[in-house]
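What follows is a short report on a single structure.
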Amino acid sequence: NAKVLDLKQASETLVERYRQRILSSLALAALALVVVVAIALRSARRVWRVLLPMALTTLAILAILHGCGIALSLFHLIALVLAAGLGLDYALFFEHAADDAADQARTLHAVLVCSLSTLMVFALLATSSLPVLRAIGLTVTLGVIGNFVLALILTRAYRGEQHA
């Protein structure tokens with residue numbers, strides 16, 4: 001009554017189930033995030049402006065990884081969550097910057113320093129020979145760049161519209 005256990009198949013099945021569970025959890029978390037940001041900002045336009053850079057960056061990261069032939073691992077998915085959180089922070093800081101030029105300059109300086117330090121750390125991880133560290137580093141590096149640039153552009157564009 002001996003049973004043969006295909007360890008490769010069993011581990012692949014386990015990883016696939018875990019990936020599906022993570023994707024389901026991410027979908028629920030994204031919905032909860034939209035609700036919380038909507039309650040906090042109380043304006044559909046402001047919610048859109050805060051969430052759009054993060055959403056566009058996430059799609060861009062997925063497209064870049066796919067275009068480079070990199071298969072998404074669990075570590076890429078976890079790093080995407082981190083990158084999205086950074087993007088949300090950047091957009092919220094830019095969104096809440098006062099109309100005063102000095103406040104905007106201080107906000108830009110603070111977010112720039114934080115994003116550059118984050119970028120340096122994760123870019124270093126992206127050069128690792130360990131696949132796990134490389135996956136996390138590459139994903140978050142792309143996220144930091146995309147989120148910073150898009151949050152800055154989209155919030156500034158809105159401020160220009162508001163004052164026009």
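The values are calculated or read from the model by the stated rules, or taken from the named source; none is laboratory data. Quick caveat, the model's predicted, so the values are computed rather than measured. As a convention, Cβ positions derive from the backbone with ideal geometry for all residues, glycine included, and neighbour counts pool all protein chains shown. Just so you know, the surface numbers come from the protein's heavy atoms only, side chains and all, with ligands and any DNA or RNA stripped out. Shrake-Rupley method; radii C 1.70, N 1.55, O 1.52, S 1.80 Å.
Which residue is modelled with the highest pLDDT, if the candidates are limited to the stretch 56-104 and must be open to solvent by 30 Å² or more (accessible area, probe 1.4 Å) and of a type in the set (Val, Ile, Thr)?
Ile64
Filter the stretch 127-136 down to residues that are more than 16 Å from the chain's Cα centre (by Cα) and either of a type in the set (Gly, Ala, Ser) or not in a helix (DSSP H, G or I) (or both) and give me whichever is surrounded by the most Cβ atoms within 10 Å (Cβ to Cβ).
Ser128
Considering only the stretch 9-34, state which residues are β-branched (Val, Ile, Thr) and modelled with pLDDT of 85 or more.
Thr13, Val34, listed by residue number.
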